[in-house]
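Chemist: Below is a structure I'd like to ask you about.
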Amino acid sequence: MSKSRELFERDGNALSTVMSLRFCPFVAESGEGAVLRDPDGKEYLDLTAGWGVANVGYCHPRVTKAVTDQMKTLSFATTISVPNMKSVELAEKLKELVPGNFDKSVWFGHSGSDANEFIAKIIPYATGRSKILTFVGSYHGQTMGSYVMSGHPAQSRFSGGGNVVKLPYPYCYRCAFEKEKESCDLFCLRYIEDYIFDAVTSPDQVGAIVLEAIQCDGGDVVPADGFMQGIEKLCRKYGILLIIDEVKIGFGRTGKMFGFEHWGIEPDIVVMAKPMGSGQPISAVVGRKDIMNAGIGMHYFTTAGNPVACAAALETIGIINDEKLVENAKEVGDYFVHELEKLKDKHEIISDVRGKGLVIGVELVKDRETKEPATDEAAKVLYRGYELGLLFYNSGINSNVLEFTPPLVITKEQVDFAVSVLDKAIEDVVNGKVPDEKLAEFAGWSS
């Protein structure tokens, strides 16, 4: 038995399946840049960045040094009661990064889940409006408040919340209203004002609209042009807070520091997490001071905003700027999409290629005319890619979208390797060379 397989089985015997979402038997032992290695010494090009966490790559020496130095100076201080220099510096830096000519304040947590839990908790309290509008396909977290706001089918096992209304996201390839992109005149936007505000909830009951600038786990869906600006206009018209979830795509991934900047909007609140600490557990909410300071001691965690995690986040931001990773994300991302479009011309199973920067989705279908999702095929392509040295996951409400969110340090040469592996993996799956039995352990989103 290989070292990797042995550790994989030990993991299965020791860890709860409640915290598992497994797509292949890869086991990580070490990593550098955009490459991971298993205990047997095999290298894999990673197109996941650990669900979008490792933006500056694995084991960046500057992050390692920042964390080590901070541990030697002040290993911990509970920010809820004891201010420390790193948490204050990071809060000040985040206030600078987020656009908006208004007073801002910052909240710190550990993950996107507890950050969006802050939103679920504070918005009705601070605004006096009970309703929150979110979107089908959205993924905001795993705590109960963030879970309720989410619209991904993987999160429908528990009861929902009566104060959350879920709207269709502008997923033009699979329009919920069966409209044509060229002629719909943003019907999904007009639907909110013309129908939801009339028949479901009046706008004066709505405290916030919460959405992802690009809906990742919902299928790496880039909203239709004009939609984000229309949502902002709607919020301003009715005094509704505009909240953007940047948990997965923030900090350079889209070719801008934050995804919403592609549309020139200014949200009232921005939620961020995954990549900001390069693997250290940290999240943040940056927003209007009157909302952020609506209460005292309402949503806090003992180790949130600790100096070590904040030091990692500050260094991560510095690396993104110094190494021009935002620019690299755009350049290499555009190249990646161009090469994937070539695969689309070659393989009928690929129906749509979309993305911005280095958040890219490739939708697989059984038939381009009917658009029937190729869910099983997507899982097999993923598994075959793993066998050939490439790591990526699938996403989407039908689990048929191949998602590529590599570390922002990835090169065009590495993209060439990735595309060649994808080409081979798709060919093998289409030709029936990947048996069902190989996937028996790996249900992914359907587990």
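Every number here is computed from the coordinates shown, using simple stated rules; none is lab data. Please read these numbers as outputs of a predicted model, since none were measured by experiment. Cβ sites come from the backbone with ideal geometry, for glycine too, and all protein chains shown count toward neighbours.
Chemist: Counting only the backbone N, which residues of the stretch 263-283 are under 19 Å from the spot 7 Å out from the Cα of ASP11 toward its beta-carbon?
Modeler: Zone members listed by number: 279-281.
Chemist: Could you tell me the distance between the Cα centroids of the stretch 238-261 and the stretch 324-348, to the nearest Å?
Modeler: Taking the Cα centre of the stretch 324-348 as reference, the centre of the stretch 238-261 is 22 Å away.
Chemist: Same structure again: Given only helices, namely DSSP H runs of n ≥ 4 each adding -39500 (n - 2.57), what is the per-residue ellipticity at 222 nm of the chain, to the nearest 500 deg cm²/dmol?
Modeler: -10500 deg cm²/dmol
Chemist: May I ask for the net charge around CYS235, where only other residues with Cβ less than 14 Å from the Cβ of CYS235 are counted and Lys, Arg are +1 while Asp, Glu are -1?
Modeler: Values: positive: ARG129, LYS131, LYS233, ARG236, LYS237, ARG288; negative: GLU193, ASP204, GLU232, GLU266, ASP268.
In short, +1.
Chemist: If you average over every viewing direction, what projected area does the convex hull of the Cα atoms of the chain give, in nm²? Don't jump to the answer; show the numbers that get you there.
Modeler: Working: hull surface 84.6 nm².
Spelled out: convex hull of the Cα atoms, projected over all directions, averaged, 21.2 nm².
Chemist: With an 8 Å Cα cut-off and a minimum separation of 6 or more residues, compute the relative contact order for the stretch 62-322 in percent. Before the final figure, lay out the partial values.
Modeler: Values: 472 pairs, mean separation 80.6, N = 261.
Relative contact order, the stretch 62-322: 31 percent.
Chemist: How high is the relative contact order of the chain, given as a whole-number percent (alpha carbon pairs under 8 Å, six or more residues apart)? Numbers along the way, then the final one.
Modeler: Working: 883 pairs, mean separation 99.8, N = 447.
Averaging sequence separation for qualifying contacts and normalising by length gives 22 percent for the chain.
Chemist: Near ILE192, within a Cβ-to-Cβ distance under 15 Å, what is the net charge of the other residues, with Lys and Arg +1 and Asp and Glu -1?
Modeler: That sum, taken over residues with Cβ under 15 Å, equals +1.
Chemist: Take LYS95 and SER130, extend 7 Å from each Cα along the Cα→Cβ direction, and tell me the distance between the two endpoints in nm.
Modeler: Distance between label points: 3.5 nm.
Chemist: Lysines near LYS166 by alpha-carbon distance under 18 Å, same-chain residues fewer than 8 away left out - which ones?
Modeler: In chain and number order, the partners are LYS121, LYS131.
Chemist: Further question: Which lysines does LYS342 reach when only Cα atoms under 20 Å apart count, and residues fewer than 8 places away in its own chain are ignored?
Modeler: LYS330, LYS356, LYS366, LYS371, LYS412, LYS424
Chemist: How would you rank 14-24, 292-302, highest first, on the average number of other Cβ atoms within 10 Å across their residues? All intermediate terms of the calculation are to be shown ahead of the outcome.
Modeler: Numbers: 14-24: 11.6, 292-302: 13.3.
Ranked by mean Cβ neighbours within 10 Å, highest first: 292-302, 14-24.
Chemist: Continuing with the same structure: So which DSSP H runs in the chain come out at 20 Å plus along the axis (Cα) with average Kyte-Doolittle of at least -0.5? Kindly include the intermediate steps, with their values, before the conclusion.
Modeler: Details: long enough: 112-127 (22 Å, 0.16); 307-322 (22 Å, 1.12); 325-346 (31 Å, -0.75); 412-430 (27 Å, 0.32).
Answer set is 112-127, 307-322, 412-430.
Chemist: Which of the peptides 180-186, 319-325, 44-50 is most tightly packed, and how do the rest follow, judged by the mean count of other Cβ atoms within 10 Å per residue? Before the final figure, lay out the partial values.
Modeler: On the way: 180-186: 11.1, 319-325: 17.0, 44-50: 22.9.
Ranked from most to least packed, the peptides come out as 44-50, 319-325, 180-186.
Chemist: Give the residues of the stretch 246-283 whose amide nitrogen is closer than 12 Å to a point set 7 Å from the Cα of THR68 in the direction of its Cβ.
Modeler: Zone members listed by number: none at all.
Chemist: Which residues in the stretch 376-390 place their backbone N less than 20 Å from a point set 7 Å from the Cα of LYS42 along the Cα-to-Cβ direction?
Modeler: Zone members listed by number: 378-390.
Chemist: Report the Cα centroid-to-centroid distance between the stretch 176-235 and the stretch 75-101 in angstrom, as an integer.
Modeler: Using only Cα atoms to place each centre, the spacing works out to 33 Å.
Chemist: Still on this model: Summing Lys, Arg as +1 and Asp, Glu as -1, what charge do residues with Cβ under 9 Å from the Cβ of CYS216 carry, CYS216 excluded? All intermediate terms of the calculation are to be shown ahead of the outcome.
Modeler: On the way: positive: LYS248; negative: GLU212, ASP217, ASP220, GLU403.
Once all neighbours under 9 Å are counted, the net charge is -3.
Chemist: I need the P(r) histogram for the stretch 215-258: all alpha carbon pairs, bin width 5 Å from 0 out to the longest distance, whole percents.
Modeler: In whole percents, the pair-distance histogram is 5, 18, 21, 28, 19, 8, 1.
Chemist: Sticking with this structure for a sec: If I model a spin label as a point 7 Å beyond the Cα along the Cα-Cβ vector, how far apart are those points for ASP376 and SER75 in nm?
Modeler: 5.3
Chemist: Sticking with this one: Label points 7 Å out from Cα along the Cβ direction at CYS175 and GLU441: separation in nm?
Modeler: The answer from the label model is 4.5 nm.
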